[in-house]
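Here is the structure we will look at, set down as structure tokens.
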Amino acid sequence: MFSVFKPARKLALSACALATAAFLAACDTIAVGGGGPSINTSKPVPVALLVPRGSGQSGDAVLAQSLENSARLAIADLGNVQIDLRVYDTAGNPNTAAAVAQQAVNDGAKIILGPVYAQAANAAGLAVLNKQVNVLSFSNNTNIAGGNVFVLGPTFSNTANRLASFAASQGKSSVVVVHSNDDGGQLGRAAITQAVGRSSARVVGTVGYERSQQGVINSVQTIRSTVSSSGADSLFLTSTTAGALPLYSQLLPEAGVSPAATQFIGLTRWDIPSQTLELPGVQGGWFALPDPGKAQAFRSRYQASYGGAPHPIGGLAYDGIAAIGALVGAGKSDALTGTALTQNAGFQGVGGIFRLRPDGTNERGLAVATIQNKQVVVIDPAPQSFSGAGF
């Protein structure tokens, strides 16, 4: 899901060149997001759910069940809309994903939810491209977006845009970007740089680091001197709570980069796991998250229905069914075409509003939060609609 994948076979979708190393761009010769099957909304609509069950990894089995549970929970909420959900196991494998995607369409599926991992989602999309069936993948990898493949997962670009816009509205004008030197970090750096460029702020420096303890330690003095020489008022980090963030939160203040003087901003969630909230260096930092009230309501309903917590991305299956149900409920035969899926008003999901874009990416209405006294505090609520929400 979160692996970086440059899908060479995806290039067969167009005759145009790849616009950048990070993002798969569509050219004018493709009707990106336009096609799709005709459906009969008076009958149950066949929907295929592709999950990574069968990979041999226990984590994939847990995720697969959570996705299926979430999809069925969403179906129960649709009222008069009837969905015929059919579940297919991909084993987390691209070849298997392609085969079961073809099987699903042969079985009558009008749209595909999943798979999770980028390579598998890309393979599934290519396998059914000539059938005019759209794929709502659970990946967040924008490299595979385009053609008949959409990504439902939260993207770096979406988060960076939200935080950069908020920072600028709070008077922040100069940003230093700190990123890992691997592919994920480079994608994060590009998303932050582009987002800041769309705001009134500017990037005044970037510092890369190797993803190791020594690599983080070696970068601290470079970060300090970059912040000092540039006069930056913000530090935007791509690091995660499972990666470099805990170390940076300790070492940067010790080196003189104080969160009290320089605003720390995170591209990833700083509240998971909850132990991160205890770290002194993250106090006052900014990060984005789904609408907390709606996300908690979904977790509570899931817990009540299935006796446990949903997987962190399990709710994406609920979102997919919610979007399909909203469109099918309108009673139109073109409800599952790319044009319909990318309606500007968007949909309500487990974490708030979201919408699919014609380029296969998505936008989500996120809240901005900070950490105060080891607690998450929302300082800018998630928008409730895309109208006038700055999107």
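Below is a table of values for the structure above.
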| item | result |
| --- | --- |
| Qualifying residue in region 228-241 (condition: surrounded by fewer than 17 Cβ atoms within 10 Å (Cβ to Cβ), in contact (Cβ under 8 Å) with a residue 40 or more places away in the chain, in a loop (DSSP other than H, G, I, E, B) and not basic (Lys, Arg)) | yes |
| So Leu85, is it under 19 Å from Ile321 (Cα atoms), crowded, with 16+ Cβ neighbours inside 10 Å and either in contact with a strand residue (DSSP E or B) (Cβ under 8 Å, 6 or more places away or on another chain) or of a type in the set (Val, Ile, Thr) (or both) | yes |
| Filtered residue count, region 299-342, keeping only those that are in contact (Cβ under 8 Å) with a residue 60 or more places away in the chain, part of a helix (DSSP H, G or I) and within 29 Å of Pro358 (Cα to Cα) | 16 |
| Residues of region 174-197 satisfying the condition of being of a type outside the set (S, T, N, Q), over 17 Å from Leu245 (Cα atoms) and surrounded by fewer than 18 Cβ atoms within 10 Å (Cβ to Cβ) | Asp183, Gly197 |
| Close pairs from region 273-295: first assigned to a loop (DSSP other than H, G, I, E, B) and of a type in the set (S, T, N, Q), partner crowded, with 22+ Cβ neighbours inside 10 Å and modelled with pLDDT under 95, Cβ under 9 Å, at least 6 apart | none |
| Identity of the residue in region 354-390, aliphatic (A, V, I, L, M) and closer than 19 Å to Ala164 by Cβ, that ends up modelled with the lowest pLDDT | Ala389 |
| Meets criteria (farther than 24 Å from Gln375 by Cα, modelled with pLDDT of 95 or more and not in a helix (DSSP H, G or I)) for Gly208 | yes |
| Filtered residues of region 33-81 (kept if in a loop (DSSP other than H, G, I, E, B) and of a type in the set (Ser, Thr, Tyr)) | Ser38, Thr41, Ser42, Ser55 |
| All positions within region 252-272 that are of a type in the set (A, V, I, L, M, F, W, C) and either in a loop (DSSP other than H, G, I, E, B) or under 19 Å from Thr159 (Cβ atoms) (or both) | Val257, Ala260, Ala261, Phe264, Ile265, Leu267, Trp270, Ile272 |
| Tally, over region 161-190, of residues that are assigned to a helix (DSSP H, G or I) and closer than 20 Å to Val368 by Cα | 11 |
| Per-region count, region 91-114, residues out of contact with any Phe, Trp or Tyr (no Cβ under 7 Å at 6 or more places or on another chain), assigned to a loop (DSSP other than H, G, I, E, B) and surrounded by 22 or more Cβ atoms within 10 Å (Cβ to Cβ) | 2 |
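The values are calculated or read from the model by the stated rules, or taken from the named source; none is laboratory data. If you're wondering where the values come from, they're calculated on a predicted model, not measured in any experiment. For neighbour counting, all protein chains shown are included, and Cβ atoms are generated from backbone atoms with ideal geometry for every residue, glycine included.
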